[in-house]
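The values are calculated or read from the model by the stated rules, or taken from the named source; none is laboratory data. Just so it is clear, the structure is predicted and the values come from calculations on it, not from any experiment. Because the Cβ atoms are built from the backbone with ideal geometry, glycine has one as well, and the counts that use them run over all protein chains shown.
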Amino acid sequence: MNLLNKLAILSASDCRIDTVDVPEWGGSVRIRAMTGAERDAFRTAIADGPSAEVGRFEAALLALTLVDENGQRLFELAELDALRAKSAAVLDRLAKEAMRINGMDAESQEAAAKN
């Protein structure tokens, strides 16, 4: 296996991006894996509000993972309320995809526990 140096590590494109159809919105969205800094921002965003609010969790996750064709985020954390105003069913479906891409779903957690 190839031994990586600092430049190789920092220049590696390691944030997976998947495209998900959203017929309710008339198109598709791109969901990107979070960076370490985005994961920290996500944890802070959900810790700042009532933990029982599923919509806050989903909106924060999507604000940090929905990206444009260049991989740039579409939303800021300040826009959580705007995302929470969208269909709960759509947010649920997209959040599940974002969790899968980021290794936060039950299957990913089980696989990690086995290793």
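At-a-glance table
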{"item": "Unique residue being modelled with pLDDT of 95 or more, among the acidic types (Asp, Glu), in a helix (DSSP H, G or I) and over 16 Å from residue 19 (Cβ atoms) when the list is 92, 81", "result": "92"}
{"item": "Test: residue in the stretch 55-72 that is among the aliphatic types (A, V, I, L, M), touching a strand residue (DSSP E or B) at 6+ places or on another chain (Cβ under 9 Å), closer than 18 Å to residue 24 by Cβ and surrounded by fewer than 18 Cβ atoms within 10 Å (Cβ to Cβ)", "result": "no"}
{"item": "Every residue from the stretch 21-68 that is outside any helix (DSSP H, G or I), at pLDDT 95 or above and acidic (Asp, Glu)", "result": "21, 68"}
{"item": "Qualifying residue in the stretch 11-20 (condition: aliphatic (A, V, I, L, M), surrounded by 11 or more Cβ atoms within 10 Å (Cβ to Cβ) and over 19 Å from residue 78 (Cα atoms))", "result": "yes"}
{"item": "Close pairs (7 angstrom Cβ cut-off, 6 or more residues apart or separate chains): within 17 Å of residue 98 (Cα to Cα) in the stretch 11-28, small (Gly, Ala, Ser) anywhere", "result": "15/33; 16/33; 17/71; 19/28; 20/28; 21/28; 22/28"}
